[in-house]
Amino acid sequence: MSPRRFRGGIHPPDHKEKTRGGSSARIGVPERIVLPMVQHLGTPCVPAVEAGDVVERGQVVGRAEAMVSAPIHSPVAGTVIAVTETLTATGARVPAVEIAPEAEQDWDRFVPLEDAEVVHTVRAAGIVGLGGAAFPSAVKLTPPQDMPVSTVILNGCECEPYLTCDHRTMLERPGRVVAGGRIIAEAVGASRTVIGIEANKFDAVDTMRSAAGGSAEVCVLPAHYPQGAEKQLIRSVLGIEVPHGKLPAATGALVHNVSTAAAIADAVEDRRPLMERVMTVTGHVARPGNYLVPIGTLVSDVLAAAGGTVGEVARVIVGGPMTGMPLAGLDVPVVKATGGIVVFAQGEVAPAVLGDQPCIRCARCVAACPMWLEPYVIGIHANRRDWDATERYHAIDCIECGCCSYVCPTSRPLVQLIRRAKHMLMERGSKL
Amino acid sequence: MSETAPTSLPWVAAAPHIASKRSCRGIMLWVVVALLPTTGWAVWNMGSVAAWLLATCIGSAMGTEWLWNRIARRPQTLGDGSALVTGLLLALTLPPRTPLWMAVAGGIVAIALAKMLFGGLGWNLFNPALVGRAFISISWIGVLAGVRPFPGGWYNALDVPGTGDLDAITGATRLAIAAADRAADGAYGVDLTHYYAPLFFRNLEGSLGEVSAALLLFGGALLIVKGIIDWRIPVGYVGTVAVLSWAFGSDPVFNVLAGGLLLGAFFMATDYVTSPMTPLGRLLFGCGCGLFNVVGRFYGPMPESTTFAILFMNGLVPLIDRWLSPRTYGWGRGDA
Ligand code: SF4
Ligand code: SF4
């Protein structure tokens, strides 16, 4: 079956050239590590250490006490300074464990995970969706009984502009990605594994093809945002849609990010918990590139490791420019799902729009919406607080990809308006 | 450790953090650029009358918008460029000797009545320039009919058989000549193929915007290539006109080239605010404009039916949009 392009989406300039070439380097030992107890979707972790405790690299410092949760491990050997609170990139204040790392670290040593079967291992390793979703991976490995998984799709699209960490992972650790895919497929009993890669990463396509051999198909997809969004990816690879209100598993497909797959292989084959990750540091920094960063490192320290920011900074975001979080300050830690830090100068960022801009009915948002919604209508009704009307236009199906806002010539804040409508509708009990 | 990094950041706004470069003003300026060859050629051939008409329409449209915002104590909106486009388009729909007081009135009606009264840019149901033009043509049919054909117009010199008589009857455009000939079952023996060349390159009867079909096609093509307008509207429009005129036994090429049709198809019917939001809707809209344009031409009271064909279809846009509202991903018929 040849892949089909999903209808909608956009082609923003990708700005990946600065970072896709160099291999990922480990950053130096940061002065402190701040591990928020919420780095995943689901129940927060409970601190498992106290101030003054000496911790080893790989030791659990945040216990997961619920099904939908993921434990947190110290990425360094060091001393717990405090069990405290921290601001996160989302602006939330959450419980956190703060650690002073020892100046010298042996990165090859860590407390190995206990032997257990695959799903338990993945859970104990604290692995979450590294593509940004941060959903605990172990939960996805136990799909509902009535929804058998036939196809595992490894998501190597990395459609967000600027980010190249998945690209580098595929180039640098293709064997681990393939192994992770095999582990996932065996765990859920899938017969087919497809690695979806956007056509702009031709080197990754070749690398993954030879690494996969016959064990997985590499599916080359058009470079097109949001190709890597779960619903759009399933549609492109399998040609089917995830029905409204159903889990993607209802289509028999299970999507995992390639970096997540590599982390799963690390956990199962090396008994290695998730302690660090590759992230793209780019934009106006002295040394843009991909860096291997201990989770819990402060954004300011990551930027310093990349040589610091250059010139006048307008905005710093974590994640990609289409869906990432703007930072109010740089003293927040990176978390498991942080795929990148992008530093923007003035003039590169979308203008901050004041006041209500008119919709000139240019239909660009309608053409760009990958969920085939009519963002302009939802926006107008959300402005009027006519939530019933936003429901009729299926606001709830919006995946908040940002395409509509991106294309709008009058810079209407469409995603924010639609997100508002979604909140109101969910409060009323509408189901996703 | 990070002395180069600021600790607090001045701009914090929600995702997406990047935006396409295409702005409302940019789009409007492209429309103006696409109309420049036509406008320039009109002024070159018709001289200061055309220039005055252009200046008056644009001034009237922009002045009305400025005054409206001023009186309503709303922020000024001239910067979005849409009043400029409305004024320019209005001028291009008028014949060169249109009295300037009429042009002023047209500009006022276009902006005040057709746009600002509806709530400003984006809220109007009908194309403002066409409302202005319709207002003028309905209110002052007699006056406009009395506007003398522009001296030097080719059709006097062309010596097409029969046109001498027709001149006396209609004193107007080639379209009117063709209509009269049709009405008389071809008694005048007008050979429409003789009109191709002047209509295409240099035509001084009719409105400013009818001065050259070639330049309109160039401007329209530019807008399509630049992604400003959707090809479906002009193609549906022109295609329908060509096919239907052929079916009605008339000359399709002449019917496409003559009158305000190309100006309407490429620059009026494609107005974002007053055209449908989906690709299929736009094709349908274009075909509908073409249908009513031809029907108006052949059966209506006036051969110049472009204005009313488009205005009529403008009125149907909300229905078309509701009817062709896209199916949401994951809803109803899937590809599964
Ligand atoms: S409406 Fe939602 S899904 Fe559609 S383009 Fe906008 S953000 Fe994306
Ligand atoms: S992109 Fe903006 S101006 Fe265009 S239709 Fe959508 S909301 Fe309206």
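The values are calculated or read from the model by the stated rules, or taken from the named source; none is laboratory data. Source: prediction; values computed, not measured. Cβ atoms come from the backbone with ideal geometry, glycine included; neighbour counts cover every protein chain shown.
A few points about this structure:
- Just one of the listed residues (B:Thr86, B:Thr39, B:Thr98) is closer than 22 Å to B:Glu304 by Cα, assigned to a loop (DSSP other than H, G, I, E, B) and not basic (Lys, Arg), namely B:Thr98.
- Scope the range A:221-263; condition under 15 Å from the mean Cα position of the chain (by Cα) and polar (S, T, N, Q); matching residues: A:Gln227, A:Asn257, A:Ser259, A:Thr260
- Residue that is surrounded by the fewest Cβ atoms within 10 Å (Cβ to Cβ) [pool: residues in the range B:24-59 that are hydrophobic (A, V, I, L, M, F, W, C) and within 14 Å of another protein chain (Cβ to nearest Cβ)]: B:Leu29
Matching residues to (1) under 24 Å from A:Asp166 (Cβ atoms); (2) of a type outside the set (Gly, Ala, Ser):
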| position | (1), (2) |
| --- | --- |
| A:Ala328 | no, no |
| A:Asp331 | no, yes |
| A:Val342 | yes, yes |
| A:Ala345 | no, no |
| A:Val349 | yes, yes |
| A:Ala352 | no, no |
| A:Ile360 | no, yes |
| A:Ala363 | no, no |
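- From the options B:Gly220, B:Gly209, B:Gly259, residue that is within 15 Å of the chain's Cα centre (by Cα), under 28 Å from B:Val49 (Cα atoms) and either assigned to a loop (DSSP other than H, G, I, E, B) or without any contact (Cβ under 8 Å) to a residue 12 or more places away in the chain (or both): B:Gly259
- Unmet requirement for B:Arg73, which otherwise passes all of (1) surrounded by 22 or more Cβ atoms within 10 Å (Cβ to Cβ); (2) farther than 30 Å from B:Asp185 by Cβ; (3) at pLDDT below 95: (1)
- Residues that are under 13 Å from the mean Cα position of the chain (by Cα) and of a type in the set (A, V, I, L, M, F, W, C), drawn from the range A:138-168: A:Cys157, A:Cys159, A:Leu163, A:Cys165
- Residues satisfying the stated conditions in the range A:416-432, i.e. more than 9 Å from every other protein chain (Cβ to nearest Cβ), more than 8 Å from ligand 1 (Cβ to nearest atom) and in a helix (DSSP H, G or I): A:Leu417, A:Arg420, A:Ala421, A:Lys422, A:His423, A:Met424, A:Leu425, A:Met426, A:Glu427
- Given (1) among the β-branched types (Val, Ile, Thr); (2) closer than 18 Å to B:Val32 by Cβ; (3) at pLDDT 95 or above; (4) surrounded by 22 or more Cβ atoms within 10 Å (Cβ to Cβ), number of the condition B:Val238 does not satisfy: (2)
- Condition met for A:Ile184 (at pLDDT 95 or above and touching a Lys or Arg at 6+ places or on another chain (Cβ under 9 Å)): yes
- Extreme residue, nearest to A:Ser411 (Cα to Cα), among residues of the range A:372-397 that are away from chain B (no Cβ under 13 Å) and among the acidic types (Asp, Glu): A:Asp386
- Members of the range A:396-415 that are near ligand 1 (Cβ under 6 Å from one of its atoms) and out of contact with any strand residue (DSSP E or B) (no Cβ under 9 Å at 6 or more places or on another chain): A:Cys398, A:Ile399, A:Glu400, A:Cys404, A:Leu414, A:Val415
- Residue list for the range A:191-231, filter: part of a strand (DSSP E or B) and of a type in the set (Lys, Arg): A:Arg192
- Helices (runs of 4 or more DSSP H) lying entirely in the range A:362-414 (those with 2 or more residues that are within 14 Å of ligand 2 (Cβ to nearest atom) and closer than 16 Å to B:Cys24 by Cα): A:364-368, A:403-407
- Qualifying residue in the range B:304-323 (condition: touching a Leu at 6+ places or on another chain (Cβ under 8 Å), part of a loop (DSSP other than H, G, I, E, B) and either more than 14 Å from chain A (Cβ to nearest Cβ) or modelled with pLDDT of 95 or more (or both)): yes
- Of the residues making up the range A:252-266, those that are crowded, with 24+ Cβ neighbours inside 10 Å and part of a helix (DSSP H, G or I) are A:Val258, A:Ser259, A:Thr260, A:Ala261, A:Ala262, A:Ala263, A:Ile264.
- Residue ID - farthest from ligand 1 (Cβ to nearest atom), chosen from residues in the range A:366-391 that are over 21 Å from A:His423 (Cα atoms) and touching a residue at least 40 places away in the same chain (Cβ under 8 Å): A:Ala367
- Tally, over the range A:352-361, of residues that are more than 15 Å from B:Thr278 (Cα to Cα), within 14 Å of ligand 2 (Cβ to nearest atom) and not charged (D, E, K, R): 4
- Residues of the range A:10-37 that turn out to be surrounded by fewer than 21 Cβ atoms within 10 Å (Cβ to Cβ) and of a type outside the set (D, E, K, R), as a count: 10
- Residues that are surrounded by fewer than 21 Cβ atoms within 10 Å (Cβ to Cβ), of a type in the set (A, V, I, L, M) and assigned to a loop (DSSP other than H, G, I, E, B) were ranked within the range A:310-335; the one that is nearest to the other protein chains (Cβ to nearest Cβ) is A:Ala328.
- Checked against (1) closer than 30 Å to B:Gly47 by Cβ; (2) free of Cβ contacts under 8 Å to residues at least 12 places away in the same chain, B:Trp246 passes all but condition (1).
- Here A:Val343 passes the criteria (1) under 30 Å from A:Gly311 (Cβ atoms); (2) away from ligand 2 (no atom under 13 Å from the Cβ); (3) surrounded by fewer than 23 Cβ atoms within 10 Å (Cβ to Cβ) except the one numbered (3).
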